[in-house]
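Scroll down for the structure; my scribbles are underneath it.
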Amino acid sequence: MTRSQSATLFAFALLAPALIYIAAIVAYPLADTFHLSFTDAALKKAVNWVGFANYQKMFRGNFAEVIVRTFVWTFFSVSFKMVIGTCAAVLLNASVPGKTLFRVLTLPPWIVPMAIGIFMWGWMYNGQFGMISGVLQNIGILDRPLPWLAFGGTAFWATIITDVWIGVPMVTIYMLAAIQSIPRDLYEAAWTDGAGRFYRFRRITLPMIRPSMVTMSMLSLIATFNSFDIIWILTQGGPNGATTTMIIDTYKVAIGSYKYGEGAARAVMICIFLSVFCFFYFKVINRFSRGETR
Amino acid sequence: MSERPMIDRYTWYETLGVYLGLLVFLSFVLAPFVEGFLVSLKPLEHLFSSPYRFWPEDGSFDAYFTMWEHVPLLGRYIVNSLFISTVITIVVVIIVVPAAYAFARFEFRGSGPLLGMFLAVNMFSGAVLLIPLYRLMRTLGLLNTYFAMIVPGVAFLIPTGIWLLRTYMLRIPRELEEAAWADGAGRLYTLRRVVLPIALPGIVVVAIATFIGAYAQQFIFALTFNSKSEYMPLAVGLFSFFGKERVVWNELMAASFAGILPVMIVFVFLQRYLVAGITAGAVKQ
């Protein structure tokens, strides 16, 4: 055995626990999802092969509507997170007194148990007694209580806002790190040439953080597409399906109605979309890393 | 630095703009906590009264005492949450340390795609794999045990752990290991006696990040794979405050703050390392 062979063997020995674990708890269930999606698996014991019946049934229902809703929901949530997070990162980068404290204060939504943050929002959205409806009434914007989660239109945006709230700390800290990794001499050179603060931002900061923005958007897209806890705790996909995204739909069919086969078909659709996102993600990453070496 | 360089000086309206912007942003971030805390101080009958009043007029910490009687298992839920997160963290660290070392130091065929595969795990949330995981847990007889929440929880925290620690290990100079090898030390001995001590700060960051992640994200598996109250983590146990007729909001919020406390303590003491470690792993690829 050569030295490099023994090194490879050692590397795989080190990797073995992780590989075996992921194979058992992620890869095998993933394969099983594909398999189940072609069966009529349910609570009963017998499982029959049904071909594409689950998929046909799914698309005969309101599934197309669910897909569109999921994309709209995800699009707005990711956009808000990116815009708010990047703006906040720029502000947090300014060297003003107290910046360290402000940076720490950004993080709590990300640190605390998600369910707890969501409960707090659930109360704030309460129409009769919650803060948002209450304050808006006190300052005269609303003339009567508005229960945000009781109507489809408002519930849709309410769940997005809570999702933004939970996701924005990560985006902010990541973008802040990206801004701080820009070499300082660039700014100093521009400053010496008399470039103003806004000009420096537009011509140095923005182009330099673009790769990080793309990366973060993609990561955020994947996480947001998978968002379950927020919608489930706030609305359970209601009212009247107005916040039923693909994940919620899958959960309701599979776990709520015990239709494992039909639920698996929905999960497969989610996997397909996620794979497409990932494909584009790696394409974009490759383009940027090639751009760096050129 | 005693004096601020010229380039970092702001005019008064720039400073004002920065502070105003941060005020708006931090209000959004912190409003739920402020409101939640005030709710925990208000008596229930005041909570359910119009018009809305922001400030609690006869606020008290009563809810923080009555909640333990109203939901006797509350303490158990918090302990469960801590227990589940601790076990997840230990298992993740044990699995991640050798894997990250393999990715950081050995250039074997297929190491790139393999790392990509691990990261792809992050793509699939637990919700997508819920049905087969449920069947798997049932087959293994793990439903309604702590393991039903620990076993899948570990899987989804491994990839980020590998990524963070690999980045950290890449920055450790190789010379020490090479010196150990030259002295005839075995690979495993080198890993244990040379690499691990140097990588300890990175391992600590991974452990904190994992613990916080495990503590924050225990909902869907607990909701689906466990129905026994005595094993419930706080995220699911809090539903005990949802009564048939009304939600006991002040106690729910008080219990939430009790549940936030442990992770806040961890965070306040260690946030410096956590933020530095995570952003280093994120940006320098």
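The values are calculated or read from the model by the stated rules, or taken from the named source; none is laboratory data. Owing to the predicted nature of the structure, the values given are computational and were not obtained by experimental measurement. When we count neighbours, we look across all protein chains shown, and the Cβ atoms used for this are built from the backbone with ideal geometry, even at glycine.
Hey, any hits in region A:47-58 for a residue that's part of a helix (DSSP H, G or I), of a type in the set (Ser, Thr, Tyr) and more than 8 Å from every other protein chain (Cβ to nearest Cβ)? If you could, list the steps in order and put the result at the bottom.
First, pick out the residues of region A:47-58 that are part of a helix (DSSP H, G or I): A:53-58.
If we keep only those that are of a type in the set (Ser, Thr, Tyr) as well, we get A:55.
So of that shortlist, the ones also more than 8 Å from every other protein chain (Cβ to nearest Cβ) come out as A:55.
Within region A:47-58, one or more residues are part of a helix (DSSP H, G or I), of a type in the set (Ser, Thr, Tyr) and more than 8 Å from every other protein chain (Cβ to nearest Cβ).
What residue, of B:Phe65, B:Phe25, B:Phe33, is out of contact with any Asp or Glu (no Cβ under 9 Å at 6 or more places or on another chain) and either farther than 27 Å from A:Pro169 by Cα or assigned by TED's automatic domain parsing to the domain that holds B:Lys228 (or both)? It would help to see each step written out before you state the result.
Working: B:Phe25 fails: either farther than 27 Å from A:Pro169 by Cα or assigned by TED's automatic domain parsing to the domain that holds B:Lys228 (or both); B:Phe33 fails: either farther than 27 Å from A:Pro169 by Cα or assigned by TED's automatic domain parsing to the domain that holds B:Lys228 (or both).
Result of the check over B:Phe65, B:Phe25, B:Phe33: B:Phe65.
Under 6 Å between Cβ atoms, which residue pairs at least 6 apart in sequence (or on different chains) link something in region A:90-116 that is more than 16 Å from B:Leu23 (Cβ to Cβ) and more than 7 Å from chain B (Cβ to nearest Cβ) with a partner that is of a type in the set (S, T, N, Q) and not in a loop (DSSP other than H, G, I, E, B)?
none
Residue check, A:Ala7 against (1) facing another protein chain (nearest Cβ under 7 Å); (2) under 18 Å from B:Val91 (Cβ atoms); (3) surrounded by fewer than 19 Cβ atoms within 10 Å (Cβ to Cβ), all met but one. Which one?
(2)
For A:Ile141, indicate whether it is within 30 Å of A:Gly241 (Cα to Cα), among the aliphatic types (A, V, I, L, M) and in a loop (DSSP other than H, G, I, E, B).
Working: within 30 Å of A:Gly241 (Cα to Cα): yes; among the aliphatic types (A, V, I, L, M): yes; in a loop (DSSP other than H, G, I, E, B): yes.
So A:Ile141 fits the description; yes.
Do you know which of the residues in region A:32-51 that are among the small types (Gly, Ala, Ser) and surrounded by 12 or more Cβ atoms within 10 Å (Cβ to Cβ) is farthest from B:Tyr134 (Cα to Cα)? I'd like the intermediate steps shown before the answer.
Filtering region A:32-51 down to residues among the small types (Gly, Ala, Ser) leaves A:37, A:41-42, A:46, A:51.
Filter once more, keeping what is surrounded by 12 or more Cβ atoms within 10 Å (Cβ to Cβ): A:37, A:41-42.
Details: A:Ser37: 15, A:Ala41: 13, A:Ala42: 12 Å.
That would be A:Ser37.
In region B:185-230, which residue that is hydroxyl-bearing (Ser, Thr, Tyr) and farther than 20 Å from A:Val112 by Cα is farthest from the other protein chains (Cβ to nearest Cβ)? Break it down into steps so the answer makes sense when it comes.
Within region B:185-230, the first condition is being hydroxyl-bearing (Ser, Thr, Tyr), and the residues that meet it are B:189-190, B:210, B:215, B:224, B:227, B:229.
Going one step further and asking which of them are farther than 20 Å from A:Val112 by Cα, we end up with B:189-190, B:224, B:227, B:229.
Working: B:Tyr189: 12, B:Thr190: 10, B:Thr224: 6, B:Ser227: 12, B:Ser229: 16 Å.
Taking the candidates together, the pick is B:Ser229.
Filter region B:72-97 down to the residues that are β-branched (Val, Ile, Thr) and facing chain A (nearest Cβ under 10 Å) and list them by number. Show your work before the answer.
Initially, region B:72-97 is screened for residues β-branched (Val, Ile, Thr), giving B:78-79, B:84, B:86-97.
Matches in region B:72-97: B:Val91, B:Val92, B:Ile94, B:Ile95, B:Val96, B:Val97.
Kindly establish whether B:Phe108 is in a loop (DSSP other than H, G, I, E, B) and buried (at least 17 other Cβ atoms within 10 Å of the Cβ).
When the stated conditions are applied, B:Phe108 passes them.
State whether one or more residues within region A:222-234 are more than 11 Å from chain B (Cβ to nearest Cβ) and buried (at least 17 other Cβ atoms within 10 Å of the Cβ). Spell out how you get there, then give the answer.
Start the filter on region A:222-234 by keeping residues that are more than 11 Å from chain B (Cβ to nearest Cβ), which leaves A:234.
Filter again for buried (at least 17 other Cβ atoms within 10 Å of the Cβ), leaving A:234.
Yes, the conditions are met somewhere in region A:222-234.
For region A:118-129, enumerate the residues that are at pLDDT 85 or above and either more than 16 Å from the chain's Cα centre (by Cα) or not in a helix (DSSP H, G or I) (or both). I'd like the intermediate steps shown before the answer.
At the first step, the residues of region A:118-129 found to be at pLDDT 85 or above are A:118-125.
Selection gives A:Phe119, A:Met120, A:Trp121, A:Gly122, A:Trp123, A:Met124, A:Tyr125.
Please determine whether any residue of region A:20-41 is modelled with pLDDT under 85, out of contact with any strand residue (DSSP E or B) (no Cβ under 8 Å at 6 or more places or on another chain) and within 11 Å of chain B (Cβ to nearest Cβ).
Pass one, region A:20-41, residues modelled with pLDDT under 85: A:40-41.
Of the ones still in play, those that are also out of contact with any strand residue (DSSP E or B) (no Cβ under 8 Å at 6 or more places or on another chain) are A:40-41.
Adding the requirement that they be within 11 Å of chain B (Cβ to nearest Cβ) leaves A:41.
Yes: one or more hits.
Restricting to region B:119-161, name every residue that is in a helix (DSSP H, G or I) and closer than 21 Å to A:Ile272 by Cβ. Before you say what the answer is, go through the steps one by one.
Applying the first criterion (in a helix (DSSP H, G or I)) to region B:119-161 yields B:119-123, B:130-139, B:147-161.
Passing the criteria: B:Leu119, B:Ala120, B:Val121, B:Asn122, B:Met123, B:Leu130, B:Ile131, B:Pro132, B:Leu133, B:Phe156, B:Pro159.
Among the residues of region B:138-151, are any touching a Ser or Thr at 6+ places or on another chain (Cβ under 8 Å), over 29 Å from B:Pro262 (Cβ atoms) and not aliphatic (A, V, I, L, M)?
Initially, region B:138-151 is screened for residues touching a Ser or Thr at 6+ places or on another chain (Cβ under 8 Å), giving B:144.
Subsequent filtering for residues that are over 29 Å from B:Pro262 (Cβ atoms) retains none.
No, that holds for no residue.
If B:Leu164 satisfies all but one of (1) closer than 23 Å to A:Phe277 by Cα; (2) within 11 Å of chain A (Cβ to nearest Cβ); (3) not polar (S, T, N, Q), what's the number of the condition it fails?
In the conditions (1) closer than 23 Å to A:Phe277 by Cα; (2) within 11 Å of chain A (Cβ to nearest Cβ); (3) not polar (S, T, N, Q), B:Leu164 misses (2) alone.
Tell me, which residue of region B:231-263 that is farther than 21 Å from B:Ser60 by Cβ and at the interface with chain A (Cβ under 7 Å from one of its Cβ atoms) is surrounded by the fewest Cβ atoms within 10 Å (Cβ to Cβ)?
Restricting to residues being farther than 21 Å from B:Ser60 by Cβ and at the interface with chain A (Cβ under 7 Å from one of its Cβ atoms), the top hit is B:Val263.
So is B:Gly59 of a type in the set (Gly, Ala, Ser), facing chain A (nearest Cβ under 9 Å) and either part of a loop (DSSP other than H, G, I, E, B) or surrounded by 14 or more Cβ atoms within 10 Å (Cβ to Cβ) (or both) or not?
On the way: of a type in the set (Gly, Ala, Ser): yes; facing chain A (nearest Cβ under 9 Å): no; either part of a loop (DSSP other than H, G, I, E, B) or surrounded by 14 or more Cβ atoms within 10 Å (Cβ to Cβ) (or both): yes.
Spelling it out, it is not the case that B:Gly59 is of a type in the set (Gly, Ala, Ser), facing chain A (nearest Cβ under 9 Å) and either part of a loop (DSSP other than H, G, I, E, B) or surrounded by 14 or more Cβ atoms within 10 Å (Cβ to Cβ) (or both).
Among the numbered criteria (1) within 19 Å of A:Thr172 (Cβ to Cβ); (2) polar (S, T, N, Q); (3) crowded, with 23+ Cβ neighbours inside 10 Å, which single criterion is violated by A:Asn54?
(1)
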